[in-house]
Structures are given as C-alpha cells and as structure tokens.
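Down below is the structure, laid out as structure tokens.
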Amino acid sequence: MALWNSGITWTSGALWGPAAPPSGPTPANTKPKRNTMPRDKFYPALLAEQPEWHNNLAAKFPLYGPALGFTPAQINNAVADNLYLAYALGDWITRVREFGPAATAALKDLRTGTGNDPFTFTAFTPPTLPTLPAGVTDVLPGALDRTFGLVQGIKGAPGYNEGMGLDMGIVGSEITPPPPGDVPPPQLTAVLLPGDDNQYVRLKFIKRGHEYVVIESRRAGGAWEQLVQSNKSPYIDERALLVPGQAEVREYRARFWDDGKPSSDWCGVLIVTVGP
C-alpha cells in the first residue's frame, strides 16, 4: 500500500495508507489516551446519506489537508473523487432510475404500439457533471477505495486530531448506551424464499453491539419455541409445514441476549404466511 506522502498521484489507482512511523525507539509514556466510547461507522450505510457525506469531505478536506502534509495535487484529486461519488450516488442514479419507466414505456410502444408516427428511442439526459478542481481533468475507477485509503492516511498523519475527523465526517458519532433496563429491542424483518418442499423465511436483524439475538416462533396457536440464539444475520427458517401442502401462519419475535441473560424486551410480533 502506498503512503499518502510517497508522491504517487491520487488517480494512479494505488490505495494510500497512513504515513510511515518515524524510525528509532518509541519515547516512553507518549501514547495518547483514546476515547473508549463506542462509535458508529463513519461511512453512511444508507445510499440517500452518502452524497452528503462525500460533498462534506470534498468541502472540508482542503481546509485540513495542507496542515496534515498533503500536497495540492493530492487534495484536488481527492476532492474530484468525492465530487464524482456524490454526483453518481445522488443526482445521476436518481435520474437513471427516473428514466427507467420512460424506457420501459418506449419499449412497450415499439413492441405493441399503434399509429403512423416513426418510433424514436427515449433519450437519456444525465445531470450536469460537477466542476473538478484546477488541474484535474478526469476521475479513474476505484474512487471509493481511494477515499477509504485517504481516510486512513488522514488519521495517520502527524497533527491529526479527532476534532478534524468529526468535522470531515471520517469519525463516527458516539453510541450512547441506553440506561439499564431501557435497551430497545432488535428490529426483525422477514422475506419469503423458495424452498425444497415449502417456502423458507429469511429473518434479518442488526445486533447493535450486543452478543446475540434470540429468535422465537409459534404457529397454529401453539407455544413459543426458540429457533436460534445467533450472532450473525440472517437466520433462515427452513422448517417443514405442519400439514404438507397447506399454508400456515407463523409468528416471530426477537430480543437481545448478553452475558447469558436477556438484555431487552421482545420486539413486536412479526406475522408471516408460509406457503407450500
């Protein structure tokens, strides 16, 4: 992995890491204290929030880059990467998705339409590209990988501090633990999948830092039974139908499990009809 201060250009495709530590013995008692409060991941999981994150980094990195040892060319190329990512994940993909129904309608018209006017294909007009910084004419593939490499380089640069990271959005927000006994239950979602003899149920959940999620189920008005104590999502319920060939209603609920005991209430009951 190339170092951020190695002179390799940002658009070369190489991933950048933090600066190499200085040679020689490490001075005693100089290790900075770290904040042990758990944090969320800094990069948004939701697509709708990612363009704003990239635009913020493109705006804030030029403010801190020079003090952290990055060259103007490195800063400009990083800004270009993030402007293009914000554009692609925001305006461009939105326009593409809006174009889809129009293209489908045009295809239907070509196949089965009527009238004497010549058929013309619906034109796709992309939104205007962002203006790149001076000296940058294009952006190569791999912009997100380079951005994550940039984040590592920033955090490894002399002079970096957490305040800078928070302002640039490359440090996740602190996760404040809820008061004891007030832990919200997990969110459980279900999707039906085709199975061998009947449908399967894929149950997804997010652990949110807990050890396990316990999932229970009941059917045909019976008692609740534990399906799994899991630390990995999803769980696939592959049980056969009580009466082969006859659809049945299944109920599911889940709660967190830590240190050998329940640590939250049950979530709301999820009701799924499983067919043959």
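The values are calculated or read from the model by the stated rules, or taken from the named source; none is laboratory data. Note that this is a predicted model, so its numbers are computed, not measured. Heads up, the Cβs are rebuilt from the backbone with ideal geometry, glycines too, and the neighbour counts pull from every protein chain shown.
Hey, among Val191, Val139, Val96, Val183, which residue is of a type outside the set (Asp, Glu), outside any helix (DSSP H, G or I) and over 30 Å from Tyr235 (Cα atoms)? Step through it out loud before you land on a result.
Values: Val191 fails: over 30 Å from Tyr235 (Cα atoms); Val96 fails: outside any helix (DSSP H, G or I); Val183 fails: over 30 Å from Tyr235 (Cα atoms).
None of the others qualify; the one that does is Val139.
Among (1) modelled with pLDDT under 95; (2) of a type in the set (S, T, N, Q); (3) in contact with a Leu (Cβ under 7 Å, 6 or more places away or on another chain), which single condition is Thr104 missing?
Status for Thr104: all satisfied but (3).
Answer yes or no as to whether Val201 is surrounded by 14 or more Cβ atoms within 10 Å (Cβ to Cβ) and in a strand (DSSP E or B). Before the answer, list the steps.
On the way: surrounded by 14 or more Cβ atoms within 10 Å (Cβ to Cβ): yes; in a strand (DSSP E or B): yes.
Taking the combined requirement at face value, the residue satisfies it.
Here's a check for you: in the range 248-268, which residue that is part of a loop (DSSP other than H, G, I, E, B) and surrounded by fewer than 13 Cβ atoms within 10 Å (Cβ to Cβ) is modelled with the highest pLDDT? First the steps, then the outcome.
The first filter runs over the range 248-268 and keeps only residues part of a loop (DSSP other than H, G, I, E, B), leaving 259-260, 263-268.
Next cut, surrounded by fewer than 13 Cβ atoms within 10 Å (Cβ to Cβ) only: 259-260, 268.
Numbers: Asp259: 83, Gly260: 84, Gly268: 91.
Residue satisfying both the conditions and the ranking: Gly268.
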